[in-house]
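The values are calculated or read from the model by the stated rules, or taken from the named source; none is laboratory data. Predicted model, so just to flag it, every value in this text is computed and none were measured. Every residue, glycine as well, gets a Cβ built from its backbone with ideal geometry; the counts of neighbours run over all protein chains shown.
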There are 2 protein chains.
Amino acid sequence: MFYQKHKSVLEDAIIACEKRHYWSPFIESPSRHLHPEGAHEMGKTAFELQLNTSFKLDQPGETGRTGLEISPYTQQPLGIDYPKSDTETIVSASKKAGQRWRKISPEERAGICLEMALTLEKQCFENAYATMHTAGQAFLMAYSGSGPNALDRGVEALAYALKAMRDVPNSASWTKPFGKAGAVTLSKSYRLIPRGIAAVICCATFPMWNAYPAIFANLATGNSAIVKPHPNGILPVAMAVRTMRKVLSENGHDPNILLMSADTKEQPVTVELLQHPDIPIVDYTGSQRFGLWIEKNCSQKLVFTETAGCNGVIIESTENIDGLINALSNGLCGFSAQMCTSPQNIHISEHGIETNQGQISFDGFRDLLVDAVKERVADPKRAAALCGAIQADESLAILDRLRNEKKASIALDSFSYEHPEFPFARTASPLILDVKSEHKELYNQEHFAPVAFLIREQDAESALTNATSLVRESGAISSYLYSSNETYKARAQDAFADAGASLWCNMTAPMPMNFAAAYSDYHVTGLNSSGNACLSDLAFVADRFRIVQFREPLSS
Amino acid sequence: MFYQKHKSVLEDAIIACEKRHYWSPFIESPSRHLHPEGAHEMGKTAFELQLNTSFKLDQPGETGRTGLEISPYTQQPLGIDYPKSDTETIVSASKKAGQRWRKISPEERAGICLEMALTLEKQCFENAYATMHTAGQAFLMAYSGSGPNALDRGVEALAYALKAMRDVPNSASWTKPFGKAGAVTLSKSYRLIPRGIAAVICCATFPMWNAYPAIFANLATGNSAIVKPHPNGILPVAMAVRTMRKVLSENGHDPNILLMSADTKEQPVTVELLQHPDIPIVDYTGSQRFGLWIEKNCSQKLVFTETAGCNGVIIESTENIDGLINALSNGLCGFSAQMCTSPQNIHISEHGIETNQGQISFDGFRDLLVDAVKERVADPKRAAALCGAIQADESLAILDRLRNEKKASIALDSFSYEHPEFPFARTASPLILDVKSEHKELYNQEHFAPVAFLIREQDAESALTNATSLVRESGAISSYLYSSNETYKARAQDAFADAGASLWCNMTAPMPMNFAAAYSDYHVTGLNSSGNACLSDLAFVADRFRIVQFREPLSS
């Protein structure tokens, strides 16, 4: 029923994954004239009405209430409590619900998932405010990052799941001669069997962007899922889970194929879920340290991780210095560099670079970049729209530590800009440090804070060597290159590929340099320590289900 | 070049995997009139000339000679020594060779793999004798099991690898509007990057059947491979590796993308390979115990295992008792039940079964089966062709232990039949034990020996419960059902699917009940403890390579 309803959209999604062109079934912009009248206000009101109340989720296994989220914008508790779930009870409810869910055809499951996605689109405004006040994103990013862009990645995963499942036929007839004894014909049928329950562990800064792909990949392939939001990112997840459960139950399905297990930093439940013997799949987004722990310690589970890397930018030369400075300053400011694709390390020859405005020295480049960033954060309104707020206090501590680092010189100090709407917002403009290449210990890891290192490299070759060695040592999700030298570009492309990293070249405005497009940009290679799973490829879905077969002679 | 040459065969293989019909590019029978004159004799001679000589493999890192294979047919050493390889040297040679190999197009790599497979077919006779005298298989099984049937599974894996790689386009053009700023067009290109080196660990009884799929899946996806034969199964692997290396070097490729590391039971090298940091992929066939150890201890590697299970047969009713007895007695004798698909546990109601010849009691069924097995092993020539030899002394020890088991009564004792050609052959006919259902400890694990348990179940329902619970506890590669009751069949199909096992129903002669056909039968579900990998599905290949991407504005 939902498969028929959504068939053409699903086929378009599959085609988009194959052609990797721009496509989306969702409205990307929150612009008022693209949405029903009052949609934005209603979403905002819904969010506000939720504050200081109990979030109703109507799940089994509720043993109490939990949740202690602080808004990065007010630095006050949201005052919302959520079901505290008994792990055994929800695991067993999830298991039970999965028994029926797996019997629904793959196509219909995909149809239901798309119905959920389209329903979720309708609450994008509500979820945007929830994301703002948990992750700290600015409204526009929260709208797309928990809304259409996240749903696009979800539908992309859904398309791959459908494709992988379609690869297995329902039945076959097989006739083979057996020598003098004659031919044998067997009738064969094949069933797709899900692995069981997936634990979907979400991160604080982008609560939905990896959650939707994991949820849809799991549900489409017949698994059930228990979503574990970050302790400070429960609300957006809870809203989505409630809506998806509603779509399920309104259409006669057991909503318990999707459950949420909320917790607090003080009483975490993650490891309990990860180690539960009835949970064979783990989808994790978060820190590299914990991601590696999971990869190592959940060895007999199917583990998909997206963590973090040490993203580098090589500046070799450019035909468009204004566009470069524009894009890079934007990239350093965007969500205060709390994105997994944010650039951190800027490798540039100490002898400067060739540009369309002639040779520019290292110091000249630094000044251009510093001025551009300064300008972006000078106006509080502009700063607020671009930088948003800082998700956690830890990031401020990192900035404090780094600005006192003796081996680095401060090219631009970070300051807390005054948010025009939220006077108590936790904010920080980018800190730019000027460092010598040899002080690798300063920049050879991700610093989860708005900080960039301008690294004085001996020359462009050293920059390439250093940047790719950092990919090998510390991983990278996005790497960037600015070069107008075709030979260098080709060499860099090879070098990053050899290091297991994708390379975005000469990204200039108006597109944000670190924008990753569903259906087109493969996100995370799995070849370095920034995660083992890619959004989305066949490997992201093909092992979430298995095949059992029945065969019998045709005559019997 | 080889892609063009073999394109139509590769496409046919892909179609066969989709339709899952019978198809093969290889000659399955060793029948003389299907092969060039003298092919059989030449193969036999080549094998005999190899005995008591040094096997030349021309590999790097040779630090001495190793190998101590005993023929199950003569119980004498083959007298062949092989290169003993320094692990660091071969790993670094493999790595180096991989650097060039990965740059060849996926299609061409697939073409070269098929060229190898077709070349390997020409040495099937030679390899059949090598397999006989290491694994203990009878000639006919050795011919197909290390020859066409194994190559078919290899080509099947190759077809899946090609399909998974084709899913990623080489390039894309992506145009997206960015609000008032206008549209951006990016030119994107995608590269497939292999993970690196695969360690392919082979088993003693079927040295090539899992080796070819692993080798071709790895090489096609751009990885290099180091094959580690079982200490008593080196020769068939060495012959194949030598031929494949020859195809590579004759066509201008570095043969070191495929290397062999031989060892002895006393000085094993397996763990050294498995734990080498430069080896990210492991393909393993062998014992369940070691397979589980690998799954647990190689957590950050991509691990594919096929091990062993406790294969059950439920006898509920039949319309063809003769065919059933014929097929089952054949299944118990075939290669002395040393196949991963051999049946072991026969579950039957103590009240007997309905058949086309009326009600047959448990004892009546036992007698029919015992008589049929007796008949098959009465004539040494027939016994030799069917049972072959026992690969290892351990199997004889198992028979000794079980025949003295007080809780079981011997329905048919095992004896060493006299091989007509090899008077010193290590042989054993099937031991059939009559046991009570409650003595589960007797049969709740795989006994790697020609032994079958006739299990007295309370009724057909108990049989189903017991058989599926054994799948859950101990795994199963193949499960069998004989039933003419449609309701029971449907329930059994569901119950086995729920337990994560495939079910072969009413298999009667002339087809061997446990024959698993490439391109049609998915081998190993990955849902129980008999292995985590399936021959072949997309999951068997999709994660062996990853994707890196390059993108750049079109105008730049």
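Yes or no, residue by residue, for (1) in the same structural domain as B:Ser54 (by TED's automatic domain parsing); (2) closer than 17 Å to B:Ala198 by Cα; (3) surrounded by fewer than 21 Cβ atoms within 10 Å (Cβ to Cβ):
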residue	(1), (2), (3)
B:Pro231	yes, no, no
B:Gln267	yes, no, yes
B:Val282	yes, yes, no
B:Gly291	yes, yes, no
For the condition part of a helix (DSSP H, G or I) and within 23 Å of B:Val524 (Cα to Cα), what is the one hit in B:Leu140, B:Leu114, B:Leu158, B:Leu118?
B:Leu158
Return the residues of the stretch B:459-493 that are crowded, with 20+ Cβ neighbours inside 10 Å, at negative phi and in a loop (DSSP other than H, G, I, E, B); say none if nothing qualifies.
B:Ala476, B:Ile477, B:Ser478, B:Ser483
Got a number for residues in the stretch A:60-85 being touching a strand residue (DSSP E or B) at 6+ places or on another chain (Cβ under 8 Å), in contact (Cβ under 8 Å) with a residue 60 or more places away in the chain and surrounded by fewer than 16 Cβ atoms within 10 Å (Cβ to Cβ)?
1
Counting only helices (runs of 4 or more DSSP H) wholly inside the stretch B:1-111, the ones holding at least 1 residues that are modelled with pLDDT of 95 or more, within 14 Å of another protein chain (Cβ to nearest Cβ) and touching a helix residue (DSSP H, G or I) at 6+ places or on another chain (Cβ under 8 Å) are B:2-19, B:87-101
Residue that is modelled with pLDDT of 95 or more, over 22 Å from A:Ser329 (Cα atoms) and among the hydrophobic types (A, V, I, L, M, F, W, C), where the choices are A:Ala449, A:Ala463, A:Ala490:
A:Ala490
In the stretch B:536-556, what residues are at the interface with chain A (Cβ under 7 Å from one of its Cβ atoms) and farther than 14 Å from A:Leu527 by Cβ?
B:Asp537, B:Leu538, B:Ala539, B:Ala542, B:Phe550, B:Arg551, B:Glu552, B:Pro553, B:Ser556
Is it the case that some residue within the stretch B:517-533 is in contact (Cβ under 8 Å) with a residue 12 or more places away in the chain, more than 18 Å from the chain's Cα centre (by Cα) and closer than 29 Å to B:Ala220 by Cβ?
no
Scan of the stretch A:435-453 for residues that are among the acidic types (Asp, Glu) and within 22 Å of the chain's Cα centre (by Cα), ordered by number
A:Glu446
Return yes when B:Glu28 is loosely packed, with under 15 Cβ neighbours inside 10 Å and in the same structural domain as B:Ser144 (by TED's automatic domain parsing) and no when it is not.
no
Filter the stretch B:138-183 down to residues that are small (Gly, Ala, Ser) and buried (at least 20 other Cβ atoms within 10 Å of the Cβ), then give me how many there are.
13
Would you confirm whether any residue within the stretch A:269-276 is within 21 Å of A:Gln391 (Cβ to Cβ) and either surrounded by 24 or more Cβ atoms within 10 Å (Cβ to Cβ) or in contact (Cβ under 8 Å) with a residue 60 or more places away in the chain (or both)?
yes
Kindly check whether there is at least one residue in the stretch A:478-492 that is under 18 Å from the mean Cα position of the chain (by Cα) and of a type in the set (D, E, K, R).
no
Please specify each residue of the stretch B:281-310 satisfying the condition of being facing chain A (nearest Cβ under 10 Å), out of contact with any Asp or Glu (no Cβ under 7 Å at 6 or more places or on another chain) and polar (S, T, N, Q).
B:Asn297
Tell me which residues, restricted to the stretch A:494-527, are on the phi > 0 side of the Ramachandran plot and either among the polar types (S, T, N, Q) or more than 7 Å from every other protein chain (Cβ to nearest Cβ) (or both).
A:Asn506, A:Tyr519, A:Val524
Out of A:Glu126, A:Glu115, A:Glu121, A:Glu156, report the one residue that is in contact (Cβ under 8 Å) with a residue 40 or more places away in the chain, within 14 Å of chain B (Cβ to nearest Cβ) and farther than 30 Å from A:Arg551 by Cα.
A:Glu156
Regarding A:Pro213, is this residue in contact with a strand residue (DSSP E or B) (Cβ under 7 Å, 6 or more places away or on another chain), more than 11 Å from every other protein chain (Cβ to nearest Cβ) and either in contact (Cβ under 8 Å) with a residue 40 or more places away in the chain or part of a strand (DSSP E or B) (or both)?
yes
Among B:Gly67, B:Gly79, B:Gly111, B:Gly154, which is the only one that is within 25 Å of the chain's Cα centre (by Cα), at positive phi and of a type outside the set (Val, Ile, Thr)?
B:Gly67
How many of the residues in the stretch B:382-401 are touching a helix residue (DSSP H, G or I) at 6+ places or on another chain (Cβ under 8 Å) and at negative phi?
9
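If you scan the stretch A:27-59, which residues turn out to be within 15 Å of A:Thr243 (Cα to Cα) and out of contact with any strand residue (DSSP E or B) (no Cβ under 6 Å at 6 or more places or on another chain)? Quick ask: steps written out before the conclusion?
Step one: filter the stretch A:27-59 for residues within 15 Å of A:Thr243 (Cα to Cα), giving A:43, A:46-47, A:50, A:55-59.
Across the stretch A:27-59, the qualifying residues are A:Gly43, A:Ala46, A:Phe47, A:Gln50, A:Lys56, A:Asp58.
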Of these, B:Val541, B:Val548, which one is under 19 Å from the mean Cα position of the chain (by Cα), modelled with pLDDT of 95 or more and assigned by TED's automatic domain parsing to the domain that holds B:Val282?
B:Val541
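Looking at B:Tyr22, is it in contact with a His (Cβ under 7 Å, 6 or more places away or on another chain) and of a type outside the set (Gly, Ala, Ser)?
So B:Tyr22 does not fit the description; no.
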